[in-house]
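A.B. asks: Below you will find the structure I want to go over with you.
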Amino acid sequence: MSKLERRITLAAVIIPFIGFITAVYLLWGGAVDALDLGIFALMYLISGMGVTTGYHRLLTHRSFETKPWIRAAFAIAGSMSVQGAPIHWVADHRKHHDFSDEPGDPHSPHTHGRPGWRGVAAGWWHSHMGWLFSRDERASASRYARDLKNDPAIVWVDKLFGVWVLLGLAIPAALGYALSGGEPYAAFTAFIWGGLARIFLQHHATWSVNSICHMYGKSPFETGDQSRNNWAVALVALGEGWHHNHHAFPTSARHGLRRTQIDPSYVFIRMLDSVGLAWNVRRPTEDQMRAKLRVPPGDEQESADATDPADPVVAADERQVVLR
Ligand SMILES: [Zn+2]
Ligand SMILES: [Zn+2]
């Protein structure tokens, strides 16, 4: 991939985002106000945490444990992001870890090998949104999410997916109406921003984890795939942009493994932990992280000696990835 190709791809992602911010600035006081943005932020956090902490770190990877009603609440909140019902979301994501960037991965930018910038664009499109329109490589829930298919609360949430989507649109409208003192127009603009615009932006935040975080960023660990840490995606996806760390330690509740790697989803898990609503929160130790660091050229032998093959968390991670 040439420098020019990388820049074109990045521009295609960043320019529409800058356009959106500009639209908000231009519309200020007209079609959007502080109440709309407040409701937008609240809804973004609720449905966002539903996906990152609920669908992903809890239901897919079991990186912590919690009470059954909190599992169900996370699944409902995640449904409001309109990324699919929880059981199929989990199945596709487990298959992604199982085949990371190899044939069989439902959304890798690297499995549609075409040369030049056209290949880069096709890979980006497929991993970002294109895979959603294809049945190829999608996961079987019976094979990849049997545990959830046997969980009555999750099956109940899954069946009522459409209800939660409508609820995610109704809540911002109701909040806009109530907090404006009964203004129907405020209900409408809150519905647009806290409902539709929020879903649009959250879609792209999550999809960027699948596309950008397998293309651009740093990859300090030996993972055997093309996953990357990307701080910009981490910012909009509530910590999920530390995706390479996540591929290195899939069952870790913490994705931002360094102090500077901001990870709001892990902060939220820590908050639940501190009030007794989360336990068995998994994260790698410093030694385990050091053992998985990429070997600098020339140091292969030394590193092989230092790596403990019986590393319990790494071994558990490898088991955890294939949850059939
Ligand atoms: Zn990935
Ligand atoms: Zn994952």
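A.B. asks: Output the number of the condition that Tyr266 fails; it satisfies all remaining conditions of (1) surrounded by fewer than 24 Cβ atoms within 10 Å (Cβ to Cβ); (2) of a type outside the set (D, E, K, R); (3) farther than 22 Å from Met215 by Cβ.
C.D. replies: Looking at each condition in turn, Tyr266 falls short on (1).
A.B. asks: Conditions: (1) part of a helix (DSSP H, G or I); (2) over 10 Å from Asp36 (Cα atoms); (3) over 24 Å from the mean Cα position of the chain (by Cα). Ala173 meets all but one. Number of the miss?
C.D. replies: Unmet for Ala173, out of (1) part of a helix (DSSP H, G or I); (2) over 10 Å from Asp36 (Cα atoms); (3) over 24 Å from the mean Cα position of the chain (by Cα): (2).
A.B. asks: Then there's this: Mind telling me which of the residues Gly194, Gly176, Gly168, Gly162 ends up being closer than 12 Å to Met80 by Cβ and in contact with an Asp or Glu (Cβ under 8 Å, 6 or more places away or on another chain)? Step through it out loud before you land on a result.
C.D. replies: Working: Gly176 fails: closer than 12 Å to Met80 by Cβ; Gly168 fails: in contact with an Asp or Glu (Cβ under 8 Å, 6 or more places away or on another chain); Gly162 fails: in contact with an Asp or Glu (Cβ under 8 Å, 6 or more places away or on another chain).
Only one candidate passes the filter, namely Gly194.
A.B. asks: While we're looking at this one, here's another question. Just wondering, is there one or more residues in segment 197-220 that are of a type in the set (Val, Ile, Thr), over 15 Å from the mean Cα position of the chain (by Cα) and at pLDDT below 95?
C.D. replies: The answer is no, given that none of the residues of segment 197-220 is of a type in the set (Val, Ile, Thr), over 15 Å from the mean Cα position of the chain (by Cα) and at pLDDT below 95.
A.B. asks: Residues in segment 191-250 that are within 16 Å of ligand 2 (Cβ to nearest atom), under 19 Å from Pro106 (Cβ atoms) and in a loop (DSSP other than H, G, I, E, B): how many?
C.D. replies: So the answer is 10.
A.B. asks: Which condition number does Tyr144 fail, the rest of (1) without any contact (Cβ under 8 Å) to a residue 40 or more places away in the chain; (2) among the hydroxyl-bearing types (Ser, Thr, Tyr); (3) closer than 28 Å to Val233 by Cβ; (4) in contact with a Lys or Arg (Cβ under 8 Å, 6 or more places away or on another chain) being met?
C.D. replies: (1)
A.B. asks: Between Arg71, Arg94, Arg57, which is more than 16 Å from ligand 1 (Cβ to nearest atom) and of a type in the set (Lys, Arg)?
C.D. replies: Arg71
A.B. asks: Report whether or not Ala248 is more than 22 Å from Leu45 (Cα to Cα), hydrophobic (A, V, I, L, M, F, W, C) and touching a strand residue (DSSP E or B) at 6+ places or on another chain (Cβ under 9 Å).
C.D. replies: Here the answer is yes, as Ala248 does meet what is asked.
A.B. asks: Mind listing whichever residues of segment 135-162 are of a type in the set (A, V, I, L, M) and modelled with pLDDT of 90 or more?
C.D. replies: Ala141, Ala145, Leu148, Ala153, Ile154, Val155, Val157, Leu160
The values are calculated or read from the model by the stated rules, or taken from the named source; none is laboratory data. The structure presented is a predicted model; accordingly, all values stated were derived computationally and were not measured. Every residue, glycine as well, gets a Cβ built from its backbone with ideal geometry; the counts of neighbours run over all protein chains shown.
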